[in-house]
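Only one structure is covered here, and it is reproduced in the block below.
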Amino acid sequence: QVQLVESGGGLVQPGGSLRLSCTASGISLESSNIGWFRQSPGKEREGVACILDESGNVYYKTPVKGRAIVSSDKARNTVYLQMNNLKVEDTAVYYCATNCKYMGREGYWGPGTQVTVSS
């Protein structure tokens, strides 16, 4: 009964912020390497950030470095993605997934949440 569910997406103006949530069930956050990905229409899915180890070290892809922060709440089995200073090019469906070190291959994925950055 492994399940990942994203939430927190919405419409924001350029320069605004959003906090996305990924709530997991049936898995341990410590052993799952939860990561965030995104996909815009007509583009391939790309990585955003990946929790590398049990200490919570995170790898951020260059486009979001300095603007994204990943955190976890073990009690709620939830991983968060705080996005600040949002840009139009951040518009995408955002997904969380396990096995992010390997781009989520053979891992579990959530259905995604839409983030739209527009004035």
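The values are calculated or read from the model by the stated rules, or taken from the named source; none is laboratory data. Note that the structure is a prediction, hence the values are computed from the model and not measured. No Cβ is skipped: glycine too gets one built from the backbone with ideal geometry, and neighbour counts run over all protein chains shown. Accessible surface areas use protein heavy atoms only, side chains included; no ligands, DNA or RNA. Shrake-Rupley method; radii C 1.70, N 1.55, O 1.52, S 1.80 Å.
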Across (1) touching a residue at least 60 places away in the same chain (Cβ under 8 Å); (2) open to solvent by 90 Å² or more (accessible area, probe 1.4 Å); (3) on the phi > 0 side of the Ramachandran plot, P111 clears everything bar (3)
Condition set among the polar types (S, T, N, Q) and under 18 Å from T116 (Cα atoms), scope the range 10-54, selection most open to solvent (accessible area, probe 1.4 Å): answer is Q13
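Given the criteria without any contact (Cβ under 8 Å) to a residue 60 or more places away in the chain, surrounded by fewer than 17 Cβ atoms within 10 Å (Cβ to Cβ) and farther than 26 Å from V2 by Cα, does K61 qualify?
Values: without any contact (Cβ under 8 Å) to a residue 60 or more places away in the chain: yes; surrounded by fewer than 17 Cβ atoms within 10 Å (Cβ to Cβ): yes; farther than 26 Å from V2 by Cα: yes.
Taking the combined requirement at face value, the residue satisfies it.
Return yes or no: is S119 under 25 Å from G16 (Cβ atoms), among the small types (G, A, S) and in contact with a helix residue (DSSP H, G or I) (Cβ under 7 Å, 6 or more places away or on another chain)?
Values: under 25 Å from G16 (Cβ atoms): yes; among the small types (G, A, S): yes; in contact with a helix residue (DSSP H, G or I) (Cβ under 7 Å, 6 or more places away or on another chain): no.
No, not satisfied.
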Hey, S119 hits all of (1) open to solvent by 40 Å² or more (accessible area, probe 1.4 Å); (2) under 24 Å from L11 (Cβ atoms); (3) of a type in the set (S, T, N, Q); (4) modelled with pLDDT of 95 or more but one; which does it fall short on?
(4)
Under 7 Å by Cβ, and 6 or more places apart or on different chains, what pairs join a residue from the range 1-29 that is touching a residue at least 40 places away in the same chain (Cβ under 8 Å) and part of a helix (DSSP H, G or I) with one that is among the polar types (S, T, N, Q) and open to solvent by 50 Å² or more (accessible area, probe 1.4 Å)?
L29/S72
All but one of (1) within 16 Å of L4 (Cβ to Cβ); (2) in contact (Cβ under 8 Å) with a residue 60 or more places away in the chain hold for T116; state the number of the condition that does not hold.
(1)
What's the total number of residues in the range 68-88 that are open to solvent by 20 Å² or more (accessible area, probe 1.4 Å) and either among the basic types (K, R) or touching a residue at least 40 places away in the same chain (Cβ under 8 Å) (or both)?
10
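Restricting attention to the range 37-48, does a residue exist that is aliphatic (A, V, I, L, M) and more than 15 Å from V93 (Cβ to Cβ)? Can you show your working first?
Looking only at the range 37-48, we keep the residues that are aliphatic (A, V, I, L, M), and these are 48.
Restricting the remaining residues to those that are more than 15 Å from V93 (Cβ to Cβ) gives none.
No - not one qualifying residue is present in the range 37-48.
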Please indicate, with yes or no, whether at least one residue in the range 73-90 is closer than 14 Å to S32 by Cβ and of a type in the set (G, A, S).
no
Index of the failed condition, T91 passing every other in (1) closer than 30 Å to Q1 by Cβ; (2) modelled with pLDDT of 95 or more; (3) in contact with a Ser or Thr (Cβ under 9 Å, 6 or more places away or on another chain):
(1)
